[in-house]
Amino acid sequence: MLEWHVSLRVFDKIYAAERLDSDDALELFHSDDLFGIGRAASSAAETRHDKKVYYTRNRHINPTNLCVNRCKFCAFSRSVGQDGAYAMTIDEILHTLAASASPFNELHIVGGLHPDWPFSYYLELISKIKLHHPHVQIKAFTAVEIDHFTKLSGLGLQGTLSKLKAHGLDMLPGGGAEIFNEGVRARLCPEKIHASRWLEIHEAAHNLGIKSNATMLYGHIETYEDRVEHLMALRQLQDSTGGFQAFIPLSYQPVDAVETTRYPSGIDDLKTIAISRLVLDNFPHIKAYWIMLGQKICQIALFFGATDIDGTVIEEKIAHSAGASSAPALTTAEMIHLITRAHKEAVQRNATYEEVQ
Amino acid sequence: MDGKLKQAARHLTETPLLELGQMADDCRVVLHPEHIVTFIVDRNINYTNVCVNKCSFCAFYKDEGSPEAYIIDEGVLMEKISETIALGGTQILIQGGLNPSLNIAYYSALLQKIKKMFTINIHGFSPPEIAYMASKAGLSIRETVITLKDAGLDSIPGGGAEILSDRVRQLISPRKINTATWLEVMKEAHLLGMRTTATMMFGTVETPQDIIAHLEAIWRLQGQTGGFTAFIPWTFQPGGSVLGREIIDSTGHATAVDYLRVLALSRIYLDNIKNIQASWVTQGIKTAQVALRFGANDFGSTMIEENVVKAAGVAFMVSKNDIIGAIKSTGFRPAQRDTYYNVLNYF
């Protein structure tokens, strides 16, 4: 239950530009001062990026939905032989990209943990994409997939990442983080890598000069304490590597397998974005991912500290499998409309946040 | 320009969104300090889609000869009402097109039959429908409202207001009743002791001044009669209509931010109307939840059936339990209400 109208001593810290601790962050989550929190986060965003809001022309490739994990919140994964299971060959993927009607400069590749594909499939996939699309940046493979690859390659974590980088991997996406708390993780996604492994993989990537994003899946069975713990772990790693570009809070979409039917309210979505902006003082960007939030909340989030709205996201399959009711893709014109109607400046970026236009 | 109007114009165009939201939220807390958000269980029954007004923003209307034209079968209508009551509904909203083959005798007979069979509030016939009945029957607005009231009409929905600016109405709905007639229907109803709502559809060709003129007209009439129970603003849904294509090609549709601004201004401006409804049907559940902090205190209806907005491509499927859950997760206490905003049940 929210505490109505508590006065927040934490605002003194925020406006004195002091770093927030776990208690401060918890106080913000428990507060109903939506406008005070929003204004503080908005001011933190403007300090960094003025009125700029970034978007990209990107497309997703989900090479397969076959997955050896069975995370309870996932409506995308299938077993071999199950209805709707698919696995794309490299040629099929190249063909899909070649046939793409709208231009893109960022490719987001994530998929299931295929039971049979060898490591060489992934290396060949990214090197061939780079060959045909040399100007496209490849943001591919969550830490969960990277961990899987280390078992396939036998090269260790650093060796596996180096090999991927040499073949054209530009960046890691932030998926698979879910909620770091091990108790929650054990209930939600017991087969998935532990939080410490997720962090270790991103640390190794950063040390090799591979930038990455970070996510948090919230609004299911976790507590506010779990959210704060998650943010603090990310901030700590970022202090030591500086390799994270964006934090992306992912609003949970209810699926039958998880023992809750609740999902975050629009107010919770906005507060979570704002509190992330305030706590993660060392992250360049907080992203409002419209696929999960819908474009309306995504636009409102620009007043709550978000400075990135992702992109056109052509062919997203994973969130839409879980019943995301957002449109299948947004046009560039539509994204610019949302940003300018919020009186912000739309800036097209590439995967590493260089301005394209 | 009057100071109040000037300030309202500033709110629509300049006041930072979160400041405006905070002001509206403060106004809401004064009027509704108990952290309760109400909703009604009702059914929207569109008795005909034939309409001679043919507004450019509408994706619902059909010509009389169209193969898709319909007038509801009376048996089907009664069945829908009985289902509504079974689902805990307390109201039916009956609205439709301006159909030349129907006359006031038809409506009176229909109302009488419903009242004979059921105990349910009939919220029906927006001002364009009532004015059309009046002109066809050669009756005054007042006589028409009396006839309908005597036949069983309880309250009147605020539809057809669109933007109460004749400049805008000429552009988007030239055949529809003008501002003065819309207000006259509501005034006569209020003077006869009936309660009504008021609406506003924005995001077409109106200017901020048109929106403010609309709020001012509603506020003035409310000052005279006190008959409005609630104000309900929503954004034009561009799907499927002639105007939709034009708007999308020129200025682009009204966004969530535009919605929250107008909603917040409505709460601030209409200090004599107690309730402001969030429109989850046009904004989606999550934005409607946010709207509860931008001035709204009511979640509208469970909309067991809704055809007009659906024709514009908007279909949010929700049940009573979804509405209760959506309100609860914002921290407010959900309460089912009747047409007159009396609380029937807390959840």
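The values are calculated or read from the model by the stated rules, or taken from the named source; none is laboratory data. Just so you know, these numbers come straight off a predicted model, no measurement behind them. Neighbour counts are summed over all protein chains in view; Cβ atoms, including those assigned to glycine, are modelled from backbone coordinates with ideal geometry. The accessibility values were calculated without ligands, DNA or RNA, using every heavy atom of the protein model including side chains. Shrake-Rupley method; radii C 1.70, N 1.55, O 1.52, S 1.80 Å.
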Can you pull out the residues in the range A:27-86 that are in contact with a helix residue (DSSP H, G or I) (Cβ under 7 Å, 6 or more places away or on another chain) and free of Cβ contacts under 8 Å to residues at least 24 places away in the same chain? A:27, A:35, A:39
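Are there helices (runs of 4 or more DSSP H) fully within the range A:198-305 with at least 3 residues that are under 21 Å from residue B:21 (Cβ atoms) and within 14 Å of another protein chain (Cβ to nearest Cβ)? List them.
On the way: elements: A:224-241, A:266-279, A:290-300.
Ranges flagged: A:266-279, A:290-300.
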So which residues in the range A:85-132 are more than 24 Å from the chain's Cα centre (by Cα) and closer than 15 Å to residue A:58 by Cβ, if there are any at all? A:101
Of all residues making up the range B:245-260, the number that are within 14 Å of chain A (Cβ to nearest Cβ) and surrounded by fewer than 24 Cβ atoms within 10 Å (Cβ to Cβ): 11
So if I check each of A:265, A:251, A:326, which one is touching a helix residue (DSSP H, G or I) at 6+ places or on another chain (Cβ under 9 Å) and more than 30 Å from residue A:210 (Cβ to Cβ)? A:265
Just one of the numbered conditions (1) at pLDDT 95 or above; (2) open to solvent by 20 Å² or more (accessible area, probe 1.4 Å); (3) more than 14 Å from every other protein chain (Cβ to nearest Cβ) is not true of residue A:90; which one? (2)
Among the numbered criteria (1) more than 14 Å from chain A (Cβ to nearest Cβ); (2) small (Gly, Ala, Ser); (3) in a helix (DSSP H, G or I), which single criterion is violated by residue B:59? (3)
Can you go through B:153, B:98, B:111 and tell me which one is open to solvent by less than 40 Å² (accessible area, probe 1.4 Å), in contact (Cβ under 8 Å) with a residue 40 or more places away in the chain and more than 19 Å from the chain's Cα centre (by Cα)? B:111
Which one is farthest from residue A:346 (Cα to Cα), of the residues in the range A:312-327 that are part of a loop (DSSP other than H, G, I, E, B) and more than 14 Å from chain B (Cβ to nearest Cβ)? A:322
Limited to the range A:337-357, what total is found for residues that are in a helix (DSSP H, G or I) and crowded, with 18+ Cβ neighbours inside 10 Å? 4
Provide a single number: the residues in the range B:200-218 that are in contact with an Asp or Glu (Cβ under 8 Å, 6 or more places away or on another chain) and closer than 22 Å to residue B:340 by Cα. 1
Subset of the range B:223-242 (residues that are in a loop (DSSP other than H, G, I, E, B), touching a strand residue (DSSP E or B) at 6+ places or on another chain (Cβ under 6 Å) and modelled with pLDDT of 95 or more): B:227
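So that you can scan it fast, the table gives a plain yes or no per residue for (1) small (Gly, Ala, Ser); (2) more than 17 Å from the chain's Cα centre (by Cα); (3) under 25 Å from residue B:3 (Cα atoms):
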| residue | (1), (2), (3) |
| --- | --- |
| B:195 | no, no, no |
| B:202 | no, no, yes |
| B:231 | no, no, yes |
| B:242 | no, yes, no |
Is one or more of the residues making up the range B:27-37 touching a residue at least 60 places away in the same chain (Cβ under 8 Å), open to solvent by less than 30 Å² (accessible area, probe 1.4 Å), assigned to a helix (DSSP H, G or I) and within 14 Å of chain A (Cβ to nearest Cβ)? yes
Looking only at the range B:321-340, and only at residues there that are open to solvent by 10 Å² or more (accessible area, probe 1.4 Å) and among the small types (Gly, Ala, Ser), the one that is nearest to the other protein chains (Cβ to nearest Cβ): B:329
Please work out if residue A:309 is within 14 Å of chain B (Cβ to nearest Cβ), modelled with pLDDT under 95 and within 30 Å of residue A:208 (Cα to Cα). yes
At least 2 residues that are more than 22 Å from residue A:197 (Cβ to Cβ) and not polar (S, T, N, Q) in each: list the helices (runs of 4 or more DSSP H) lying fully within the range A:67-179 that qualify. A:90-98, A:119-132
May I ask you to list the residues in the range A:40-59 that are modelled with pLDDT under 95 and open to solvent by 20 Å² or more (accessible area, probe 1.4 Å)? A:57
Name the single residue that is farthest from residue A:63 (Cα to Cα) among those in the range A:133-143 being open to solvent by less than 10 Å² (accessible area, probe 1.4 Å) and touching a Gly at 6+ places or on another chain (Cβ under 6 Å). A:143
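Residues are listed down the side, and each one gets a yes or a no for (1) in contact with a His (Cβ under 6 Å, 6 or more places away or on another chain); (2) polar (S, T, N, Q); (3) free of Cβ contacts under 8 Å to residues at least 12 places away in the same chain:
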{"residue": "B:102", "(1), (2), (3)": "no, no, no"}
{"residue": "B:105", "(1), (2), (3)": "no, no, yes"}
{"residue": "B:125", "(1), (2), (3)": "no, no, no"}
{"residue": "B:129", "(1), (2), (3)": "no, no, no"}
{"residue": "B:140", "(1), (2), (3)": "no, yes, yes"}
{"residue": "B:184", "(1), (2), (3)": "no, no, no"}
Every residue in the range A:245-255 that is open to solvent by less than 10 Å² (accessible area, probe 1.4 Å) and within 11 Å of the chain's Cα centre (by Cα), please. A:246, A:247, A:249, A:251
Of the candidates B:224, B:170, B:277, the one satisfying the condition of being in contact (Cβ under 8 Å) with a residue 12 or more places away in the chain, away from chain A (no Cβ under 13 Å) and farther than 30 Å from residue A:324 by Cα is B:224
Condition first: of a type in the set (A, V, I, L, M, F, W, C) and surrounded by 18 or more Cβ atoms within 10 Å (Cβ to Cβ). Now tell me which residues in the range B:38-68 satisfy that. B:39, B:40, B:41, B:45, B:50, B:51, B:55, B:57, B:58, B:59, B:60
Between B:343, B:290, B:314, which is within 14 Å of chain A (Cβ to nearest Cβ) and at pLDDT 95 or above? B:290
Regarding residue B:285, is this residue among the aliphatic types (A, V, I, L, M), more than 10 Å from chain A (Cβ to nearest Cβ), open to solvent by 20 Å² or more (accessible area, probe 1.4 Å) and over 14 Å from the mean Cα position of the chain (by Cα)? no
Taking the range B:79-92, which residues are in contact (Cβ under 8 Å) with a residue 24 or more places away in the chain and open to solvent by 20 Å² or more (accessible area, probe 1.4 Å)? B:80, B:82, B:83, B:85, B:87, B:88, B:90
